Every structure is written in C-alpha cells, then in structure tokens.
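Throughout, read-outs are computed from the coordinates displayed, never taken from laboratory work. Quick caveat: nothing in here was measured; it's all calculated off a predicted structure. Positions of Cβ are generated from backbone atoms using ideal geometry, with glycine treated the same way; all protein chains shown enter the neighbour counts.
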Amino acid sequence: MTSWLDLDPTDPFGLQTLPYGVFSTATRPDRRVGVRIGNRVLDAAAAAEQAGMESGETWACTSLNRFLARGPRAWAAAREWLTMVLSDEAYRDAVEASLHPLDQVALHLPFEVADYVDFYASEHHAANLGAIFRPDNPALPTAWKHLPIGYHGRSGTVVVSGTDVLRPNGQSRSPDGGRPHFGPSTRLDIEAEVGFVVGGATRLGMPVAVPEAAEHLFGVVLLNDWSARDIQAWEYVPLGPFLGKSFMTSISAWVTPMAAFDSARVDLPRQDPRPHDYLHHETARGMDLHLEVTLNGTVVSRPEYRHMYWSPEQMLAHLTVNGASLRDGDLFGSGTVSGADPGTLGSLVELTANGANPVALDNGTTRGFLEDGDVVTMTAWAPGPDGTRIGVGEVTGRVVAAL
C-alpha cells in the first residue's frame, strides 16, 4: 500500500508502522496525540475532526491513556482509519493541513505511566550478571527458568527520550569492607531494553491468561533502564534493586503498535523445563527486533531481541497470575537484551567485564562505565510486510553531574 505523501519506501516509519506519541508546537503549546508518518507528525484529533471520524476526540488529550482504555477493537479500528486516510487521495484535502514537520514539534512523555515492572527475560544477561554479582553461586537463580523474574520499579521517574540523566547519589560498598561509601555513583550503566505499553484495565483478582494478553498489549517502546551498579551491588540482597534503578528510566517518545509487528513474531527459544500451564501456550512468541546502542556516536552493541527466553505474553500473564490488576498506562520492560556474542551485550557491565576491559570509542577515549557528558542512544527496527521495516522510536539521554 502506498501513501499520497512523498514517502521513501525504505522509511521505517511508513504506513506499515504508524506509531503514536504526544506533541506540541511553538504556535500551539497544548499537548495532543500525534501519529508519525515519515518525517511528519499527524495531529490525530484535528485530522479526525476534518475527515469525519466521530471518535477522534479520544486523541484530543495530553496523553494516550484515554485511547489505551478503549481496548483492542478501538486500537484496530483507529489503525485501519489512519491507514485509509493517509493512503487514499480522497482524504488528502481534509488531512494534509493537520501534518507538521517532525523537526518543528516538541515530543513529550506519550502516556501517564500507571505502574512500572522490569523483567529479566534474557538468559544470557541473567547469567552474565549472576557471574559478576554472585560469583560463588549458580549464575541463574533457581526460579529463573520457571517464571519471568522481575522487580517493581518507580513509575514517577519514567521520562521521555532526550531528558538529561542526573548521576545519582547513594551508598556503595567500601573497598576495605568498612563503613559504606556515600556519594555519586561511579559505575553508572545502561540497559538496552524493550518496553511494552498496556491498555484495558482489569479488576483486582482477575488474572490475564497468555491467550488474552494480546487484548492488553498495545505497543512497544525502547527503554533504557539506567543503572548505578555500585549502588545496586550494595543494596540488592535480599530484596533486589532499589535506588540503583529508581532514579530514572528513559523511554521512546513514540509507541509502535503491537499490530505493526505481525511479520516480526518468531518462535521462542526452547523452554526447558516446560513452564507451568499458565505460562505455556502457542500464542507466547518472541519478536525479531534488531537493537543498536551508541555511546557518544560509537556503536558499542547490536543486541538481538529474538533470543529472549520469555515472551511479552508470558511476562504479562505472570505479572497478573496472583490477581494483580492492570491499569491503563502500565509499562513493563523486558530486561536487558543480551546475546551470546560480545557484540550483542546490552549493558556496559557485561561489555566491559564490570569495568575491567573498557570499550574503545571512535574519538580515541575508552569507557568502563558512563562519564558526565556521555550521550547514549538506542534505536531498533523489525522486519515488516513485503520487505519493509518497522521502526521503533529512539531513546537517548545525556549524563549530567550529580547534585
């Protein structure tokens, strides 16, 4: 299918993608929902009003949450309508005036984050960190292959791509085993992750089964779970990450709908032992997402999401199996995407062997962990229909000195 817009057929943000975000302009500073098409942003509510779509008021909001609440039928109908008006020349006059150049809009956090959970779904990453943080114990926790392990994060510190990353203060282990040190983290790290945005609230006590997960999985963002490894290593026993993670999590400004990834679903790695029945279902599938991580312009890693052990459907089912409810705007992360090859590791702690083997940058410097002024950018794409690519909005952040 082609558009009446002058689109490059190789553009990953063509008709096959159509991600949602929230934007404003200098001439109209109020925030509203937009849809990216190529290098332009469609004011969704304004276009709907001009083209006669009665439910377009759902987009005349400062976040996607109202749209998320409407559920999968509305999501599918909206995607069908957007594809139609951006491809059928008959709608051009009604819609074209609602398009804005991408470089002339400000992008904002696309949804109000209700709850945030971060999983640990890469076997390679979990084993690597286990070997670093628990060298005298098995690399994988006993429960790891029986359930998707995760921790509950802090939704109030999820920020949109482009937000500066303030180096956190906290306690860390003293080198001589004495009184713990307090001050700015010296082992600030990244975690290249995929985030999943949830819609369709549920009642407390009502689990969501794997086959029903698609009714609640709205879309995908890239997610950088910034991590202070020195703070994390000191605090995490016995209850897991806290201040080493909660200071900031960055996500893309664009949410790519799950419907865009139909051509990118793949089989999961063999799960052995067989998961419990509530996690075992044919609809639990992986995703063929190709990530790239750059540090100050140097590509340092290209993680492959297809190797993740647990699927998004399984993560959502496990999140709710105890009766925990879903809220519109819930967000969960996949955990760091890492593979078996050195060039596919999604964190500096893995890439540098906990700082022992710094990575070389194109400017002649090296990094074990992040320094003030460093800029980290993550991008991703997936195969789309008919040889196209599905784009996922980038997530970027610049480290600034601690207060």
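Numbers for the structure displayed
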item: Rg to Rh, two decimals, where segment 20-108 supplies the alpha carbon set and Rh follows Kirkwood; result: 0.94
item: Förster radius 25 Å - calculated FRET efficiency between L147 and A69 (Cβ-Cβ, nearest 0.05); result: 0.30
item: Residue list for segment 89-112, given a label point 7 angstrom along the Cα-to-Cβ vector of N39 and an amide N cut-off under 20 Å; result: 96-107
item: Estimated vicinal HN-Hα couplings, Hz - segment 138-147 in sequence order (Karplus 6.51, -1.76, 1.60; Gly, Pro = x); result: x, 4, 9, x, 3, 7, 4, 8, 9, 7
item: FRET efficiency for R265 and R79, using Cβ-Cβ distance with R0 set to 22 Å, rounded to 0.05; result: 0.85
item: Cubic angstrom per residue, convex hull over Cα atoms of segment 95-226; result: 200 Å³
item: Separation in nanometres of the label points that stand 7 Å from Cα toward Cβ, at S325 and A97; result: 4.3 nm
item: The chain: calculated mean residue ellipticity at 222 nm from DSSP helix runs of at least 4, using -39500 (n - 2.57); result: -4500 deg cm²/dmol
item: Read-out Rg and Dmax of the Cα atoms in Å, derived from the coordinates shown; its label in (1) 21.2, 74; (2) 19.9, 64; (3) 21.5, 70; result: (1)
item: Relative contact order (%) - the chain, alpha-carbon pairs under 8 angstrom, separation at least six; result: 21 percent
item: More than 20 angstrom apart: percent of Cα pairs within segment 173-254; result: 54 percent
item: Extension gain (nm, one decimal) between F133 and D8, 0.36 nm per residue minus Cα-Cα; result: 40.3 nm
item: Label point at A340 placed 7 Å out along Cα→Cβ; residues across segment 121-142 whose backbone nitrogen lies under 14 Å; result: 123-125
